[in-house]
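Student: First the structure, which I've put down as structure tokens, then a few questions once you've had a look.
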Amino acid sequence: MVMVVCGEESQKPHVTLLSSPGIGQLSRHHHRRTTDAPPAQLQLLNNNPTLPSDLHVIHLPHVDVACGDHVAIRLVHIVRESLRSLPSVLTSLQSCKPPLKALIVDPFCMEALDIAADHSVPTYLFLTASASFLALTIYFPMLHAEVEGDYGKIGERIFVPGCKPLWVDDLLPDVLMPEVLPLCNRIPLVKGIIVNTWEELEPVSLSAFKNHPFFVNLPTPTVHPIGPLTKNEDAGVESELLTWLDKQPRDSVVYVSFGSGGTLSAEQMTELAHGLEQSAKRFLWVARPPKANDASGSFFEAGSDGALTASYLPDGFLERTQGAGLVTVSWAPQVAVLSHPSVCGFVTHCGWNSVMESVVHGVAMVAWPLYAEQKMNARALVEMGVAVRPEVGEEGLVGRKEVERVVRMVVEGEEGKEIRRRVREVQGSAMEALACGGSSSECLNRLGKEWRAG
């Protein structure tokens, strides 16, 4: 778990961010102090050149949970055990000057609400996901009650009040429901919800929170869309990957990465490798070792290193693609890669942070969801016209010919040209939202005033 203290200078409101394990949530926004970071995050925080030098990492006792559990269930249990230290931390923070104005938590830290209430600290939810997913999350307890937990009764689609219909196939796996439901029930108890999106990207869902009777009567806490929030460029990062990109023609490279935690099966990696080779397009691939039956298998191993071997890639693949492709085993400076002029496409797992980074840098996407709410994101991206989604074959694999098709599509052809045009249009919308007077900028200003007044 990570706790970040922001605004210790007297002219800024003093707020604290409590984040569950998963380093993707932590980007540079004037952070000051971090606590309770497990080894994987601690390593990345200590070595991250984009974070300010006055960010202090404090070791708290490590929490062990069963490794066999699904990643979301493991997160819930880790947070539950780690929160035992939160009362003393909040007491210490309240003695600071200026006094603590708010505790910001991510969805897996909702059990902190009672502790914050005992300390008279207002709590806000920070969601690094879409407004559409937020709407489903708020509506989920009612949906669960209506079908008595039997989601087979729902049909093909879910009609969240005031929002675009969602597909049942895009729901989280049933195994998560018992753990997720209590977190959803607590959302109306927070003072506000901060979402990494912007008005122009998701006008329907954001309007529903303010205007639809279901959300108004619940009542739904005020929703603050302040996105897109992304990491700053990896300034000063030296990498052989960037050196290689410097040598490639403009708009010629497809970047392939499934996030810090995403993994593929050995069979799927073989098909992906053959498809990249057959596409005859340049590529940069973050190829983590395969894990069977666990799409989130690397979630708790972010930052781990290992020598790249050809054991899980087709025979001769590295030799045949040398020059046209580059493969790395565990990490790439993603923001620097996506902002590089040679990169024109992104094969992504559709994690919301990666989606935001791709949009901000105007890069077309191949939507390849793996876990969590990523299927919802993938469908939305295709509907927006900023991504193409490969078809999954009968054996549950994306075949090599399909990989070749979608990679070629984002690089060349009229359809690819339209996707690239559309993503640049959305990129412009994002920049307008963040600019002075833009919707997200004004929303963040109002939130800051609320904290200062509190």
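Student: I'd like to verify a number: residues in the stretch 210-226 that are in contact (Cβ under 8 Å) with a residue 40 or more places away in the chain and over 17 Å from residue 447 (Cα atoms), how many?
Tutor: So the first thing to find is which residues in the stretch 210-226 are in contact (Cβ under 8 Å) with a residue 40 or more places away in the chain, and the list is 211-215, 218, 220-221, 223-226.
Next, from what is left, pick out any that are over 17 Å from residue 447 (Cα atoms): 211-215, 218.
The qualifying residues number 6.
Student: Hey, which of the helices (runs of 4 or more DSSP H) in the stretch 316-377, taking only ones fully inside, have at least 3 residues that are within 20 Å of residue 133 (Cα to Cα)? Can you show your working first?
Tutor: On the way: elements: 317-320, 334-338, 352-360.
So the answer is 352-360.
Student: Is it the case that the stretch 376-392 has a residue that's of a type in the set (Asp, Glu), surrounded by fewer than 18 Cβ atoms within 10 Å (Cβ to Cβ), farther than 30 Å from residue 248 by Cβ and out of contact with any helix residue (DSSP H, G or I) (no Cβ under 6 Å at 6 or more places or on another chain)? Steps first, answer last, please.
Tutor: Taking the stretch 376-392 as the starting set, the residues that turn out to be of a type in the set (Asp, Glu) are 383, 391.
Filter once more, keeping what is surrounded by fewer than 18 Cβ atoms within 10 Å (Cβ to Cβ): 383, 391.
Restricting the remaining residues to those that are farther than 30 Å from residue 248 by Cβ gives 383.
From the residues that got through so far, the ones that are out of contact with any helix residue (DSSP H, G or I) (no Cβ under 6 Å at 6 or more places or on another chain) too are 383.
Yes, the stretch 376-392 contains a residue that is of a type in the set (Asp, Glu), surrounded by fewer than 18 Cβ atoms within 10 Å (Cβ to Cβ), farther than 30 Å from residue 248 by Cβ and out of contact with any helix residue (DSSP H, G or I) (no Cβ under 6 Å at 6 or more places or on another chain).
Student: With respect to residue 402, is the statement that it is touching a residue at least 60 places away in the same chain (Cβ under 8 Å), part of a helix (DSSP H, G or I) and acidic (Asp, Glu) true?
Tutor: Details: touching a residue at least 60 places away in the same chain (Cβ under 8 Å): yes; part of a helix (DSSP H, G or I): yes; acidic (Asp, Glu): yes.
Yes.
Student: Test residue 227 against the criterion of being at positive phi, part of a loop (DSSP other than H, G, I, E, B) and not polar (S, T, N, Q), and give yes or no.
Tutor: Details: at positive phi: no; part of a loop (DSSP other than H, G, I, E, B): yes; not polar (S, T, N, Q): yes.
Considered against the rule, which asks whether it is at positive phi, part of a loop (DSSP other than H, G, I, E, B) and not polar (S, T, N, Q), residue 227 comes out as no.
Student: If you take the residues of the stretch 325-375 that are more than 11 Å from the chain's Cα centre (by Cα), among the hydrophobic types (A, V, I, L, M, F, W, C) and closer than 20 Å to residue 127 by Cα, which of them is surrounded by the most Cβ atoms within 10 Å (Cβ to Cβ)?
Tutor: 359
Rundown of residues vs (1) surrounded by 19 or more Cβ atoms within 10 Å (Cβ to Cβ); (2) closer than 30 Å to residue 98 by Cβ; (3) in contact (Cβ under 8 Å) with a residue 24 or more places away in the chain, yes/no style:
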{"residue": "119", "(1), (2), (3)": "no, yes, yes"}
{"residue": "135", "(1), (2), (3)": "yes, no, yes"}
{"residue": "146", "(1), (2), (3)": "no, no, no"}
{"residue": "177", "(1), (2), (3)": "no, no, yes"}
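Student: Is it the case that residue 449 is of a type outside the set (Phe, Trp, Tyr) and outside the structural domain of residue 365 (by TED's automatic domain parsing)?
Tutor: Numbers: of a type outside the set (Phe, Trp, Tyr): yes; outside the structural domain of residue 365 (by TED's automatic domain parsing): yes.
For residue 449, the condition - of a type outside the set (Phe, Trp, Tyr) and outside the structural domain of residue 365 (by TED's automatic domain parsing) - is met.
Student: Still on this structure, I have one more. For residue 158, indicate whether it is in contact with a Pro (Cβ under 9 Å, 6 or more places away or on another chain), under 25 Å from residue 231 (Cα atoms) and among the hydrophobic types (A, V, I, L, M, F, W, C).
Tutor: no
Student: Taking residue 241 as meeting all but one of (1) on the phi < 0 side of the Ramachandran plot; (2) exposed (fewer than 14 other Cβ atoms within 10 Å of the Cβ); (3) not aromatic (Phe, Trp, Tyr), write down the number of the exception.
Tutor: Going through the list (1) on the phi < 0 side of the Ramachandran plot; (2) exposed (fewer than 14 other Cβ atoms within 10 Å of the Cβ); (3) not aromatic (Phe, Trp, Tyr), residue 241 breaks only (2).
Student: Got a sec? Which of 180, 256 is over 30 Å from residue 449 (Cβ atoms), assigned to a strand (DSSP E or B) and within 20 Å of the chain's Cα centre (by Cα)? Break it down into steps so the answer makes sense when it comes.
Tutor: Working: 180 fails: assigned to a strand (DSSP E or B).
Unique residue meeting the criteria: 256.
Student: Now, a different point. Within the stretch 70-99, track down each residue that is more than 19 Å from residue 20 (Cβ to Cβ) and part of a loop (DSSP other than H, G, I, E, B).
Tutor: Residues satisfying the conditions are 95, 96, 97, 98, 99.
Student: Looking only at the stretch 351-365, decide whether some residue is within 21 Å of residue 267 (Cα to Cα), at pLDDT 95 or above and touching a strand residue (DSSP E or B) at 6+ places or on another chain (Cβ under 8 Å).
Tutor: Quick first cut of the stretch 351-365, residues within 21 Å of residue 267 (Cα to Cα) only: none.
Checking the stretch 351-365: not a single residue is within 21 Å of residue 267 (Cα to Cα), at pLDDT 95 or above and touching a strand residue (DSSP E or B) at 6+ places or on another chain (Cβ under 8 Å).
Student: For the stretch 373-394, which positions are free of Cβ contacts under 8 Å to residues at least 60 places away in the same chain and farther than 21 Å from residue 362 by Cα?
Tutor: Within the stretch 373-394, 391, 392, 393, 394 meet the criteria.
Student: Can I ask one more? Just need a number here: residues in the stretch 222-236 that are at pLDDT 75 or above and either touching a Pro at 6+ places or on another chain (Cβ under 7 Å) or not β-branched (Val, Ile, Thr) (or both). Break it down stepwise before answering.
Tutor: Filtering the stretch 222-236 for residues at pLDDT 75 or above gives 222-232.
Okay, now just the ones that are also either touching a Pro at 6+ places or on another chain (Cβ under 7 Å) or not β-branched (Val, Ile, Thr) (or both), so 224-225, 227-229, 231-232.
Total satisfying the criteria: 7.
The values are calculated or read from the model by the stated rules, or taken from the named source; none is laboratory data. In this text the structure is predicted, and so the values were computed from the model without any measurement. Positions of Cβ are generated from backbone atoms using ideal geometry, with glycine treated the same way; all protein chains shown enter the neighbour counts.
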